[in-house]
Amino acid sequence: MAVEIVMPRMGLTMEEGTILSWHKREGEPVQAGEILLEIETDKVSAEIEAKASGVLGKILVEPGVSVPIGTPIATILEPGETQAATVTVEEAAAQPSQSSPGRSGFQPAAPGATAPGNSKDGGAKDTRPKASPAARRAARERNLELKSIQGHGPGGRILESDVKRAAQEKRQAQPRMTPVAARMAAEMEIDLSKIQGSGPRGLIQKSDLSAAAQESAGTAALSDQSELVTPSRARQIMAERMAQSFSSAPHFYLMVDANANTLVELRQALLPKVESKAGVRLTYTDLLAFFLAAALREHEMVNAAWAGGQIRLNRAVNLGIAVDTEGGLIVPVIHGAERLSLSEVAQRRAGLVETARAGKLGPDDLAAGTFTLSNLGGFRVDTFNAVLNPPQAAILAVGRIHEKVIPVAGQAVIQPIIGLSLTCDHRVIDGATGARFLDRLVELIEEPYTMFA
Amino acid sequence: MTVETKTGVRELTFAQALREALHEEMQRDDRIFVIGEDVGAWGGVFRVTEGIYDKFGPERAVDTPISEEGFTGLAVGAAMTGLHPVVEIMFGDFITLAMEQIVNQAAKMRYMSGGQAEVPITVRATIGAGRSSGGQHSQSLHAWFAHIPGLKVVVPATPYDAKGLLKTALRDQNPVMFFEDKLMYAKVKGEVPEQEYTIPFGKADIKRPGKDVTIVALSRMVHAALAAAEKLAEEGIQAEVIDPRTLTPLDRDTLIQSVIKTQRAVIVDMGYHDFGATAELAATIMNGAFDYIDAPIERLGATQVPIPFSPPLEMSTIPDEEKIIAAVKRTLAGRGA
């Protein structure tokens, strides 16, 4: 009997995956456990093993194509078996309700139950978004596509209220303009989102469009000297998350220069010990991570998240470490950092960074972070402000350790300084709350022995 | 015994209102007589026919043996020959014995005689569970009769409606099935004006206006629906409660217009859930308001089991305020999220 291969779910938030490559060709023998293909999600890429032995049947999804989880992508046939013995894609797509959790009581007619012979029709039905009749009418009246609307009803059903909300958002997103301007914009195919209206309350007028038309003639020449690049999926996701974070979470920043004298000495003293114990070179990131875990355990409001009107206080300190990789920024998480020794923190950090740079992080390595540490100390950056990593309520940005002349007891003294900037989500953290936390962190950096108090 | 209310209108029980309708109509029309078990000298086990025997004599308050098919058949014959009998089926469950007379005779005669015969008969029968009367005395079988052309089916919920609708039944030249929930006779009180009035069949009553969800309820369930609506209002949910009052003829338009407004419907009846009255009402709404429905229509009816004798088990089989509230919330899931 043929075994169906479907797009696997690689973590709770995964909705679809992209086939990167097939390691086997159609008709090639496959052993269970062999790498069959490679996929990429919004967070990671992963190698998928064959779950059965046999011969790879028809490949249903080509590399570069994204499909939702659960979508059949190929079959493994028994030797000698033909493709006809297995289900076709269309039929498989027409029966999603069998694998999806059923609702009790009322069950709308399952697609595919009506016309199993008419596979094309069944497949088409499956892609129809779930929407109430009222929502369908409302969308029809407003000329909106249901596909573009997020449903909030049971099982994600689109309700009329969802359509109304989408219509309002669309209205708000649409610039106001005079009828002449609207006609000109359509004729000249001008992107209105880039035009600032000069009329009352931003009303776009004829003169604005004339100006824009002249300008676009200028940028047309520029396009010869530039290039449009489609970013990776990971970058697209990050772009969305960062823009959303920056526009929805009210950010504020607390900045301080900490004296790094003790921190430098501490690292020097512990380097050989950690090396012999954990086999890794102790970094300032490790020390900061260790101190952060201690400080976060004492300040639960900073180890928190805004959760749609409520505040989630996290019991564990799951510390995300921003890592620069070839594929871009990625934030693996040291889970339960508050329970780890310094050597263990260093070991975990080193392991995660290595896995991240190899592009082999799993979904669990990236999930459930409660606070993020972003250290640009390796560059000539004294201090910087980070954007919150949603839904976390705070992130610490760390600059390089550099010498500064500072007054100590009336004398100008040269001391190593480390610039810290704590970004807070004001919905969760107040200025004083964040300040108390930062104060404690600085104390740990400057006087680490207070840990024993 | 009557009570004056604040508005100056007196209050009657459900049974008193029905009794008053019978007395007034029997006074007005001497073709009318009541017939059934203990309806005469005893005044009926639920006291609806009280005083008729004394006032109008034994010829117009006829006591019968326990013989539902016999006395119903007698009444159909009497109706065809010029009288207007009011048959009382003490426990509606035993209407099964009179089905032949009602379904094949009373409902058909006008049609099958080409209009030469008419059957002005009113059959009063009880429905309703909740008094621990056991499986053969607790059913609500009104939906059966709404299935048969030629019968009108009345399911009043308040004393006011009961009186006005019974008077209309007693002036109708066709068979009318009049269902009374036995738990309402003494317990449900309401304003009934002393002035003469009747209520036309086929006109639903909006018992409580609202905008968020439509609760369609029949007979005693109207009161459960109103209590549920009151609680829902505390949570900011404005439920509209509609009482169709008659199943045949059915005021489909009022149901449809209400759901076009609220987009959600919960239908509640004491009768059995499967293939019950709620199914026809839901289908009516589905057809008439399809483009306005925002959630699956919820139906509440009696569980598909013989009604248990044990009070806790019995109550679990019938819809109540809590079940209505839960159903309303199911229809509202995700709205405004």
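Read-outs: derived from the displayed coordinates by stated rules, not from any lab. Quantities reported herein were computed from a predicted structural model and do not represent experimental measurements. Cβ atoms come from the backbone with ideal geometry, glycine included; neighbour counts cover every protein chain shown.
Worth a mention:
- Other residues within the sphere of radius under 13 Å centred on the Cβ of residue A:11, judged by their own Cβ, net out at -4 (K and R +1, D and E -1).
- Extending 7 Å from Cα along the Cβ direction at residue A:261 and again at residue A:325 yields two label points whose distance is 4.1 nm.
- Cβ-defined net charge surrounding residue B:315, 14 Å radius [Lys, Arg +1; Asp, Glu -1]: -1
- Residues residue A:143 and residue A:239, FRET efficiency given R0 of 30 Å [Cβ-Cβ distance, rounded to 0.05]: 0.55
- Principal-axis tilt of helix A:342-357 within chain A, Cα atoms, nearest 10 degrees: 40
- Taking a ≥ b ≥ c as the square roots of the Cα gyration tensor eigenvalues, the stretch B:161-218 comes out prolate, since a/c reaches at least 1.5 and a/b is larger than b/c.
- Normalised by residue count, the stretch A:133-222 yields a Cα convex hull volume of 123 Å³ per residue.
- From helices alone, chain A scores -10500 deg cm²/dmol at 222 nm; the rule is -39500 (n - 2.57) for each run of n ≥ 4 DSSP H residues, then divide by the residue total.
- Annotation: amide H-H contacts under 5 Å for residue A:17 (H modelled 1.01 Å from N, sequence separation of 5 or more, or interchain): A:67, A:69.
- Residue-averaged beta-carbon neighbours from other chains (10 angstrom radius) around B:287-299: 5
- Average beta carbon contacts from partner chains per residue of A:153-163, 10 Å cutoff: 5
- Förster radius 56 Å - calculated FRET efficiency between residue A:251 and residue A:32 (Cβ-Cβ, nearest 0.05): 0.65
- The stretch between residue A:367 and residue A:165 holds 69.6 nm of extra length on full extension. This uses 0.36 nm per residue minus the Cα-Cα distance.
- Rounded, prolate or oblate (a/c below 1.5 giving rounded, otherwise prolate when a/b exceeds b/c) for the stretch B:9-193 by Cα gyration tensor: rounded
- Three-way shape label, chain A, alpha-carbon gyration tensor, a/c 1.5: oblate
- For residue A:73, nonlocal amide neighbours, meaning residues 5 or more places apart or on other chains whose placed amide H falls under 5 Å from its own, are A:5, A:6, A:7.
- Size of electric dipole in chain A: Cβ of Lys, Arg +1 and of Asp, Glu -1, about Cα centre, debye, nearest 20: 1400
- Modelled spin labels at residue A:23 and residue A:379, positioned 7 Å past Cα toward Cβ, are 3.6 nm from each other.
- Rough spin-label spacing in nm, given labels placed 7 Å along Cα→Cβ, for residue A:307 and residue A:194: 4.3
- Label reach from residue B:131 (point 7 Å along Cα→C-beta): in the stretch B:31-67, amide nitrogens under 14 Å belong to B:44-49.
- 3J(HN,Hα) along the stretch B:51-63: x, 5, 4, 5, 7, 10, x, x, 6, 10, 9, 9, 7 Hz, from the Karplus curve 6.51 cos²θ - 1.76 cosθ + 1.60 with θ = phi - 60°, whole Hz, x for Gly and Pro.
- Using alpha-carbon coordinates, inclination of helix A:261-278 to the longest axis of chain A, degrees: 60
- Against the main long axis of the alpha-carbon atoms of chain B, helix B:68-80 sits at an angle near 80°.
- Ordering A:266-277, B:126-137 by mean Cβ neighbour count within 10 Å, with the highest value first, yields B:126-137, A:266-277.
- Amide H contacts of residue B:153 (H built 1.01 Å from N, in plane; Pro and chain starts excluded): B:177, B:247, B:248 sit under 5 Å, all sequence-distant by 5 or more or on other chains.
- In a simple Cβ point-charge model (Lys, Arg +1; Asp, Glu -1; nothing else charged), the stretch A:1-53 has a dipole of about 120 debye relative to its Cα centre.
- 12 Å beta-carbon shell around residue B:131, net charge (K/R +1, D/E -1): +1
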